[in-house]
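Enquirer: This is the structure I want to talk about, given as structure tokens.
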Amino acid sequence: MKEWVLRVVILMLGLCIAHLGVTLFLLSDLGSDPFNVFVQGLYRSVDKLTGWGFLTHGRVHVAISLVIVAVLLFVDRSYIKIGTALCMLFGGPIIDVFNALLEGPTAGASLPVRVCMLVAGCVILAYGMTIVIRSDAGTGPNDLVAVVISDKTKWKFSVTRVAVDACFLVIGFLLGGTAGVGTLVCMFLVGPVAGFFLPINGRIIEKTVKRFC
């Protein structure tokens with residue numbers, strides 16, 4: 001029980017870190033990460049067609065996550081853990097909170113500052129994502145897509161992540177999401193950076209769990 005609670009805490013820490021990176025991408029206005037280009041595109045399309053005022057980026061993020069989880073339940077439900085539900089429920093709201101906190105201070109930022117936000121967001125997202133994955137408490141629905149495909153095909157995670165991100169990017173852009181040079185940087189950088197951090201954070205997390213449990 002103690003180990004399970006610790007792993008959930010580690011997962012939530014990683015989730016907050018990863019979504020801080022996502023928020024920095026969004027606020028840099030240079031193009032967010034590919035999955036959030038998809039979320040943004042769908043959000044804008046649905047909002048334009050329906051005029052539903054209650055929609056936010058975070059709420060659409062949750063809805064898409066629900067769909068991914070529903071599909072994965074048919075593909076291989078062993079990947080669905082309590083942490084997956086936590087990522088699905090809290091991922092979008094965390095983005096909304098960070099956005100509310102940082103939107104004012106970053107408004108009107110110069111291009112060099114926005115570029116720094118973009119680079120920082122990329123590294124922070126990749127690092128946080130690997131903490132979530134290696135927590136072994138469950139992985140976020142959007143990250144599970146690449147994880148499951150990589151496991152089933154035996155492709156390297158970094159290569160699979162780039163391919164999955166490319167699909168999210170194309171669909172999101174066609175739906176009206178904002179894509180820019182930052183999106184391309186993210187697509188080709190997050191996978192390799194995550195591939196670098198995965199074994200490192202895996203070792204750190206397992207040592208931490210053994211130490212306290």
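The values are calculated or read from the model by the stated rules, or taken from the named source; none is laboratory data. Just so we're clear, the structure is a prediction, and the values are computed from it rather than from any experiment. We place every Cβ from the backbone using ideal geometry, glycine too, and count neighbours over all the protein chains shown. We work out accessible area using only protein heavy atoms, side chains counted, and drop any ligands, DNA or RNA first. Shrake-Rupley method; radii C 1.70, N 1.55, O 1.52, S 1.80 Å.
Enquirer: Which of the residues belonging to the stretch 74-93 are basic (Lys, Arg) and either more than 27 Å from ILE131 (Cβ to Cβ) or part of a helix (DSSP H, G or I) (or both)?
Expert: Hit for the stretch 74-93 is ARG77, nothing else.
Enquirer: Taking only the stretch 94-117 into account, find how many residues are assigned to a helix (DSSP H, G or I) and free of Cβ contacts under 8 Å to residues at least 60 places away in the same chain.
Expert: Looking only at that region, the number is 10.
Enquirer: Can you name the residue in the stretch 165-179 that is outside any helix (DSSP H, G or I) and open to solvent by 30 Å² or more (accessible area, probe 1.4 Å) and is also farthest from TYR43 (Cα to Cα) among such residues?
Expert: ALA179
Enquirer: Checking the structure you have, find out if any residue of the stretch 126-134 is under 22 Å from ILE10 (Cβ atoms), open to solvent by less than 30 Å² (accessible area, probe 1.4 Å) and modelled with pLDDT under 85.
Expert: For the stretch 126-134, residues under 22 Å from ILE10 (Cβ atoms), open to solvent by less than 30 Å² (accessible area, probe 1.4 Å) and modelled with pLDDT under 85: absent.
Enquirer: Sticking with this structure for a sec: Looking at the stretch 199-213, I want the residues that are closer than 17 Å to VAL5 by Cβ and have a partner that is open to solvent by 60 Å² or more (accessible area, probe 1.4 Å) and assigned to a helix (DSSP H, G or I) with Cβ atoms under 7 Å, at least 6 apart or on another chain. Which pairs are those?
Expert: Hits for this filter: ILE205/ARG134; VAL209/GLU3; CYS213/LYS2; CYS213/GLU3.
Enquirer: Restricting attention to the stretch 4-37, which residues are β-branched (Val, Ile, Thr) and either closer than 20 Å to ALA109 by Cβ or open to solvent by less than 50 Å² (accessible area, probe 1.4 Å) (or both)?
Expert: VAL8, ILE10, ILE17, VAL22, THR23, VAL37
Enquirer: Can you confirm whether MET1 is over 20 Å from VAL170 (Cβ atoms), open to solvent by 20 Å² or more (accessible area, probe 1.4 Å) and without any contact (Cβ under 8 Å) to a residue 60 or more places away in the chain?
Expert: Against the criterion (over 20 Å from VAL170 (Cβ atoms), open to solvent by 20 Å² or more (accessible area, probe 1.4 Å) and without any contact (Cβ under 8 Å) to a residue 60 or more places away in the chain), MET1 qualifies.
Enquirer: Quickly run through the stretch 135-144 and pick out the residues that are modelled with pLDDT under 90 and within 16 Å of THR208 (Cα to Cα).
Expert: Of everything in the stretch 135-144, those that are modelled with pLDDT under 90 and within 16 Å of THR208 (Cα to Cα) turn out to be ASP136, ALA137.
Enquirer: Inside the stretch 113-122, can you point out the residues that are within 15 Å of the chain's Cα centre (by Cα) and surrounded by 16 or more Cβ atoms within 10 Å (Cβ to Cβ)?
Expert: LEU118, GLY121, CYS122 - these are the residues of the stretch 113-122 that are within 15 Å of the chain's Cα centre (by Cα) and surrounded by 16 or more Cβ atoms within 10 Å (Cβ to Cβ).
Enquirer: Quick check: is even one residue across the stretch 89-112 of a type in the set (Asp, Glu), closer than 19 Å to VAL22 by Cβ, buried (at least 22 other Cβ atoms within 10 Å of the Cβ) and in contact with a helix residue (DSSP H, G or I) (Cβ under 7 Å, 6 or more places away or on another chain)?
Expert: no
Enquirer: What number of residues within the stretch 38-73 are crowded, with 16+ Cβ neighbours inside 10 Å and outside any helix (DSSP H, G or I)?
Expert: 2
Enquirer: Here's another thing I want to ask about it. When the residues of the stretch 74-88 are narrowed to those that are β-branched (Val, Ile, Thr) and within 21 Å of VAL164 (Cα to Cα), which ends up most open to solvent (accessible area, probe 1.4 Å)?
Expert: VAL75
Enquirer: Hey, another quick one. Which residues, counting only those in the stretch 180-196, are open to solvent by less than 40 Å² (accessible area, probe 1.4 Å), within 16 Å of the chain's Cα centre (by Cα) and within 22 Å of SER28 (Cβ to Cβ)?
Expert: Matches in the stretch 180-196: GLY182, THR183, CYS186, MET187, VAL190, GLY191, VAL193, ALA194.
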